[in-house]
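Participant: Structure provided below as C-alpha cells; questions to follow.
Just so you know, all these numbers are worked out from the coordinates, no wet-lab data involved. None of the values given here were measured: they were computed from a predicted structure. Here the Cβ positions follow ideal geometry from the backbone for every residue, glycine too, while neighbour counts run over all protein chains shown.
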Amino acid sequence: MTAWLAPDSLEEALDLRAERGAEATVLAGGTFLGILMNQGFLVPDTLLSLGRIPALDGIEVVDGELRLGAMATHRAVERSAAVREGWPVLARAFSLVASPRVRNQATVGGVMADADYASDPPAVLAALGARVVLRSARGERAVGVGDLIQGYYETCIAEDELLVQVRVPPSPGRAVYRKFRSRSSEDRPCVAVAAVRGAAGLRVVVGAVAERPQELPDVCALADTSLPDFELAAEIGRRYSEGIEPMSDSRGSAGYRRKVIAAEVRRAVEALA
Amino acid sequence: MKVELVLNERPAALECEADEMVLEVLRREGLTSVRATCGIGICGACTVLLDGEPVSGCLLLATQAAGRELTTVEGLPAEHPVPRAFEAEHAFQCGWCTPGMVLTAKRLIEETPQPTDEQIAEGLGGNLCRCGCYVKIRAAVKRAAAA
Amino acid sequence: MRLVHYSQDAGLDGMWHAAFVRSPVPHGRVCSVDVSALPPDCVALLPQDTAALGRYGCQLKDQRVLADPARFVGDIVAAVAAPTRSRARAAAQAVGVDFDELPAVFDPLAAVAEGAPLLHPESGASAQDKVSIGVRPLPGTNVCHRFRLFNGDVESGFAASAVVVEETFRTASAQHAPMEPHATVARWTEDGRLEVTTGTQTPFNLRDDLAGALGLEPERVRVIAPPMGGSFGAKTFTRLEAIVACLARKAGRPVQAVLDRGEEFVTLNRHPAVVRVRIGAEPDGTLVAKQLDCWADTGAYADCGPGVATKMGYAGVGPYRIPHVRVDALAVYTNLPPNGAFRGYGATQSVWASERAMDLLAERLDMSPLELRRRNLLRDGDRFATGEVMRDVHFEECLQSAADAVDYEDDPRGKGLCVLLKGMQTPSRAAISVERTPVGYVIRSASCEMGQGIRDSLRLQGAALLGCEPGQIEVPDPDTDSSPFDTRTTSSRSTYMMGRALADAVRDLEAGGGERGYGEIANEGGLDPDTGQGIASTHWHQGAAAAQVRVDEDTGRVTVERLHAAVYAGRVVDRAGAELQNEGSMIMGLGTALLESIEHADGQITNANLSDYSVPALGDVPAEMTHELIERDGAEVHGLGETALPPVPAAIGNALASLGVGLAELPMTAERVLEALEARDRQAAGAAV
C-alpha cells in the first residue's frame, strides 16, 4: 500500500525530503510518474506530493528576471502574459509540448527533474541561460540546465533537494525554437533546436538527439563577427551535425538525425538573421 | 483513503488507494466513458475535465483531485451542444474515443469560440481516433462552435 | 450522451482477473514452471493443465491453449487468475519459467532457406491439420500455405515482351491498434456449458475452435459478441478465449482478461511481406506477362495466413487484362507474434508492389502512368487471371475520378495514382432472422459491430423492407445461441450478404403470416490453390486513389497535400457510415504509407506503445482529402469497409516517384525518403558529369 504525504509548506516538504530521501517519490504534476506506474516500472512506497505547497506555482518577473515556480503547469507558462511578452520563445516551446491535456498537468519542475531527452523545455531554457533553483534543508543553489541534466533521466538533484524554481534572465534579443517531427503531427521531437541571439552572441542548443541538450559554443562563436548569412548558418549547421553524437530511436537513426541537425540548425540560425 | 471532490456537479467521497489513478476510481463508480487505452497519456480516451480543463485520467492520481471538480461526459446535460453536434455530424464509429473528443472539444470551444482548422488540429491533436473519423470530428467541432 | 458498452464494461459477480506469463525468448521449449512464489489466493493455469487439450486454428490447427515450445517473444506459456487485475499481474510475475532455447528466425525469406529452424515440425505444416481443402502446407518446411496461379505461359510472355521490369517490394508489419484492447470474460454454467463474452468479429469460428480445443460439442459453447471499440481484424478467431475459459474452469468462477497496450503488440499483427513483381509489356504499353512472388510472414502461427497469402496473390495481379500470369504466394512461419486479418487482408502489400511496378513500367515505356493503366484495365466481359468473367466493372471510372481530383492530366508532377481490385470472402454463408415485437421487430444477425455501422445498416435496410422506422428495430448483440449462422464479419461482406439474407427473411416473414421469418444466402466459389482458377469473389471491390505530395528536401518529410479515393459502392445503404469507412480507410492507409512499422530486435518488439509506434492524428489529415462513392442504378451493394486503404500507399509512392524519389519499402519514412533524394541527386550529378 502506497503512503501519501502532502505537506502544506515548503519547509515541511524539505524536511520530509531530508528524512526519506529516495524512499519517497516526489510528485509534481504526475504525468511522467503516471507513465512509470502504469507500465509497472515504478511501485512507489511513498508519494510526496508538492501539490499543496502555496505559491510554488507562481510565474513572476522580478528585476527583469522571469521566475517560474516548479509547480507552474506548462499551460500556465504558455498562457502567461508576462512570458509571452518577455520570453515569447519560451511560451511557444511550452505550447508545443504533447497535448493540452498533458500541458494542463505537467509542470516546469517536473519536466526539468525528469530529464527526459525528448522534451522541449530543457533546450530552450538552456539557450536562454536559465538557472534551476534547488533547495534543501541545508540551503539553496542554482545550477544551469547543462549542469542539471546529467544523462538519460538523470539529474544532479540530491536526494534531499527539491527543484523549486526556474529563473530565466531577461531575454537577450531574438530567439527561435524549432521542433522537427519525423512522423505524425503528434510525434515527440526527432530533432529540436533552440537558437538565441543577443548582445552576448549566438547560442544554439539542440535537444531530443542525445541524453543531454547539446551546445557547441565554439561553433556559435563563428557568428560573433557578423550577422549570420546563409553560408554562415549552413556552416554552423554542418559543424553542429559533425560535433554531436546523436542516438537512434523510433523517430530516427543516428545517421538521419545528423542530417536533420544540419538542416534544422541552419534554419534556426537563418531565422535569427 | 477517501478523496472528497465534486464529481459531475455533485459532492462525492471516493474510496481509493494512494496510487490509484482517477481512471480506475471513476470506472469503479460506474463511469464507463473513461477508458483505459494507452496507459501513457497519448491517446486521450481517458480524458476527464479537472476544474474544467482536460487531463488524462490514466495519469492523474485520484488523490490529486481532492477538493477539485471532475467532469465526465456522463455529467454533461442531455442536450449539450457538443455531443449533439457529434451526433448530427455522425462524428464517430466505434465510439471509444468519443467521450474524450467531446470533453476536449467542449473546452476548446469555451476558450476559442471560433476555432480554425489549425486550432482544432492543435486542440484535438492529442485525441486519437483509430477509426479515422477526424474529418467529421472537425466538422462537429465547428458545428458546436456555431451553435 | 449515448455510450456504447463494450465487453469489458460488464462485470460478473465473483469474477476474477487474468494475467499472462509470456515467453521472453523467441523460440524455446518449456523445461519447468515454478509456482512456489505464487501468492495463496490465486489460480495458475500450467502446461500440465492444458497438455491434453486439442489443437486449434482457423485454417491450420497449429495452436495450443498454452504454448510449448514458445514460438515468439510474448507467446503465452502459463496464466494466472486473481481477485484483482493488479494482483493477477503481480502473481504472473511471480511465476518462474525455464526455457531450453532453440534457434529462431525472423524473416520469411530466411525461414524458407535451407537449414532454417522449423517452427512446426510435427504439426501445423501438415495436411492433417488443415481446416479446409483450400490450404496447402508444405510438410517439412516453414511454409504453411502455398497459393499458385497459372494463366497462359509467363516464360513465353516475357520472351515476347518488348520491355520487362522487375522489382522487389516490402511492407512492414503494422498494428491494428484499435483503441479498445482485447477483452474477454469466460464463465462455466452449472451444467457445464461454456459462455464467453468477448470482442470478436468471428463468433462461430471461435465457438468451433473452443469446442474443438476443449473437447466439447459446439452447442455446449456459447459466444456473445458485444460491440468493439475498433478491431480492423485484430479481434478475430481465437485470441485469449481458450486460455480464459480454462482459467475460469480451474478457478471455478468467471474470469476476465483485458490486455494492456503493450500486450496488444504481441497478440495479432499485420503480415509483413516481400513481393517481387516482374511485368512485361509491348511498346505501346499493352501488358503481356506478369509474375508475382510473395512471401507473407505469418509469424509463429498460421492464423488466417493462408487466406491472406491467397488474397495477396490474386489481388497483386491487379485489375488488368494480362494474357500470361503466374503467382506464387507463400505464407511462412517466423518467430514473431502471429500475423492475421488486418484491414485490406493482403491486398495492401501486393497492391503496393503491383501499382508501384506499373509506374516503373510506365517510366521505362516513357508513357503516362494513367495512360498505361487505362490501356489495360479490365472491362465488363473480360476474364480475370482466375478465369472468372468480370461483370459490374468500374475500374476506369474509379481511376478517372482519382486522376481528376488531383488534376493529374494537367500536370502529373508530384502526383501519383493507384487502382485496385480486391475480393470478398468466397465462399461464405449468411443467415438472419426477423421477428415481430410489440413495438416493431427484432433482427438477429451474427454480424459483429466494431464501428463499421452494421447494426445501423441492418436497421436501415430492415426499415425499408418492413415499412417501419429504423428506431423500431432492435438488433441484439451476436450470440451463437440465438443468432443464425454467419461465416464471419470480415472482408467487407456484411452489408451485402446480410442485406440479401435480410431481404430473404422478410419475404419469408411476409409469406408466413408476418410474425417471423428466416433468410439464408450463400455465395459459392473459391479458388483452386494449385492453379488459382475458380471464383475468387462473387463480386469485386474496386477502387482507386490519387495523391499529391510535397517533400522537404532537407529532411525527407513528406506532406500529402491532396488525397482522393474513389470506391465503387454500387448502392449506398448508409451514407454517413459509408463516408466514414472511406475516410477511415484512407487515414489508416496514410499510416501504413508514412508512419507505421512494428520494430523488433531479436524477436522482441521494441516499439510496443502508442508513442514509439506512430498512428495518424487529426493534424495528419491532408489539407484536401476527398472521396467518392460511385453508385449505379439497380446495382448491388458493394462492401467498402477496406477498399480505400490499399491504394493510398501506392498513390503516395507513385507521387514521390514522379519527383525522382523511388521507394520500394513501406513505410516511406522521412529517413528513407531522404536517402532516396540523395541517391537521386547523386545520380543526376553523375549523369551531368
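Participant: Given a cut-off of under 8 Å on Cα pairs at least six residues apart, what relative contact order in percent is computed for chain C?
Facilitator: 15
Participant: Right, something else. How large, in Å, is the protein assembly as shown by the Kirkwood hydrodynamic radius built from its alpha-carbon pairs? If you can, show how the numbers build up before the last one.
Facilitator: Values: mean 1/r = 0.0325 Å⁻¹.
Its Kirkwood hydrodynamic radius stands at 30.8 Å.
Participant: On to the next question. Mind checking the angle between helix C:305-315 and chain C's longest principal axis? C-alpha axes, 0 to 90 degrees, to the nearest 10.
Facilitator: Around 20 degrees separate the two axes.
Participant: Ignore the peptide's own chain and count Cβ atoms of other chains within 10 Å of each Cβ in A:183-196; give me the average, rounded.
Facilitator: Across A:183-196, the average partner-chain Cβ count within 10 Å equals 5.
Participant: Identify the residues of the range A:20-45 with backbone N under 18 Å of a label point that sits 7 angstrom from the Cα of A:E154 along the Cα-to-Cβ direction, or state none.
Facilitator: A:22
Participant: Additional query: Give the separation of the Cα centroids, the range C:42-99 to the range C:335-391, in Å.
Facilitator: So the separation of the two Cα centres works out to 41 Å.
Participant: I've got another one for you. With just the Cα atoms defining each centre, how far is the range A:204-273 from the range B:66-121? Give it in Å.
Facilitator: Cα centroid to Cα centroid, the span is 41 Å.
Participant: Then there's this: Treat each spin label as a single point 7 Å out from the Cα along the C-beta direction, and report the C:R220 to C:L12 distance in nm.
Facilitator: Each label point lies 7 Å from its Cα, and together they span 1.7 nm.
Participant: Continuing with this model, one more query. Normalised by the residues of the range B:81-146, what does the relative contact order come to in percent, with Cα pairs under 8 Å and at least six apart?
Facilitator: Across the range B:81-146, relative contact order equals 54 percent.
Participant: Another question, if that's okay. What FRET efficiency comes out for the pair B:E4/A:V43, r = Cβ-Cβ distance, R0 = 30 Å, nearest 0.05?
Facilitator: Working from the Cβ atoms, E equals 0.70.
Participant: Using the Cα gyration tensor of chain C, with a ≥ b ≥ c the square roots of its eigenvalues, what is the shape: rounded (a/c below 1.5), prolate (a/b larger than b/c) or oblate (neither)?
Facilitator: oblate
Participant: A follow-up question, please. In whole Hz, what ³J(HN,Hα) sequence does the range B:106-112 give by Karplus (6.51, -1.76, 1.60; θ = phi - 60°), x for Gly and Pro?
Facilitator: Along the range B:106-112, the couplings run 3, 5, 4, 5, 4, 7, 10 Hz.
Participant: To continue, here is another question. Which ³J(HN,Hα) values in Hz, rounded to whole numbers, follow from the phi angles of the range C:580-587 under the Karplus curve 6.51 cos²θ - 1.76 cosθ + 1.60, where θ = phi - 60° and Gly and Pro get x?
Facilitator: For the range C:580-587, the Karplus curve yields 4, 5, 5, 4, x, 5, 5, 5 Hz.
Participant: Taking +1 at the Cβ of each Lys and Arg and -1 at the Cβ of each Asp and Glu, which of C:A565, C:T487, C:L656 sits farthest along the dipole of chain C towards its positive end, judged by Cα position relative to the Cα centre?
Facilitator: After comparing all options, I get C:T487.
Participant: Take the alpha-carbon centre of the range B:1-32, take the same for the range C:133-210, and report the distance between them in whole Å.
Facilitator: 44
Participant: Let me ask you something else. What is the sum of charges around A:D45, taking Lys and Arg as +1, Asp and Glu as -1, for the other residues whose C-beta is under 11 Å from the C-beta of A:D45?
Facilitator: Combined, the nearby Lys, Arg, Asp and Glu give -1.
Participant: Show me the GluC sites (Glu not before Pro) within the range B:28-125 that DSSP assigns to loop and that have at most 16 other Cβ atoms within 10 Å of their Cβ.
Facilitator: The qualifying sites are B:E29, B:E79.
Participant: Please build a GNM for chain A, connecting alpha carbons under 10 Å apart, and tell me which residue among A:R203, A:R167, A:R183 fluctuates the most.
Facilitator: Checking each option, the largest mean-square fluctuation is seen for A:R183.
Participant: Report the dimensions of the range C:428-523 along its three principal axes from the alpha-carbon atoms, largest first, rounded to Å.
Facilitator: Cα extents, longest axis first: 33, 25, 24 Å.
Participant: To continue, here is another question. Report the trypsin sites (Lys or Arg not before Pro) located in the range C:2-108 that are in a DSSP loop and have at most 11 other Cβ atoms inside 10 Å of their Cβ, or state none.
Facilitator: Passing both the DSSP loop test and the Cβ count: C:R2.
Participant: Using per-residue counts of other Cβ atoms within 10 Å, averaged over each peptide, order C:234-240, C:357-363 from highest down.
Facilitator: Working: C:234-240: 26.4, C:357-363: 22.1.
Answer by packing, highest mean first, reads C:234-240, C:357-363.
Participant: Which FRET efficiency value, to the nearest 0.05, is calculated for B:D51 and A:A200 with the Förster distance at 41 angstrom and r the Cβ-Cβ distance?
Facilitator: Working: r = 41 Å, r/R0 = 1.01.
That pair, B:D51 with A:A200, gives E of 0.50.
Participant: For the range C:108-260, what class follows from the C-alpha gyration tensor (a ≥ b ≥ c being the square roots of its eigenvalues): rounded when a/c is under 1.5, otherwise prolate if a/b is larger than b/c, else oblate?
Facilitator: Cα axes put the range C:108-260 in the prolate bin.
Participant: I'd like the GluC sites (Glu not before Pro) in the range C:470-575 restricted to DSSP loop residues with at most 14 other Cβ atoms within 10 Å, sorted by number. Spell out each step's value before the answer.
Facilitator: Values: sites: C:E474, C:E510, C:E515, C:E520, C:E524, C:E553, C:E561; in loops: C:E515, C:E524, C:E553.
Counting only loop positions with at most 14 other Cβ atoms within 10 Å, the GluC sites (Glu not before Pro) in the range C:470-575 are C:E515, C:E524.
Participant: Give, as ranges by residue number, the residues of the range A:17-35 whose backbone N falls under 20 Å from the point 7 Å along Cα→Cβ of A:A137.
Facilitator: So the set is A:17-27.
Participant: Per residue of B:27-34, count partner chain C-beta atoms within 10 Å of its C-beta, then hand back the mean as an integer.
Facilitator: Averaged over the peptide's residues, the number is 2.
Participant: Using a 10 angstrom Cβ neighbour count of at most 16 plus a DSSP loop assignment to flag exposed chymotrypsin sites (Phe, Trp or Tyr not before Pro), which longest range of chain A is free of such sites?
Facilitator: A:154-273
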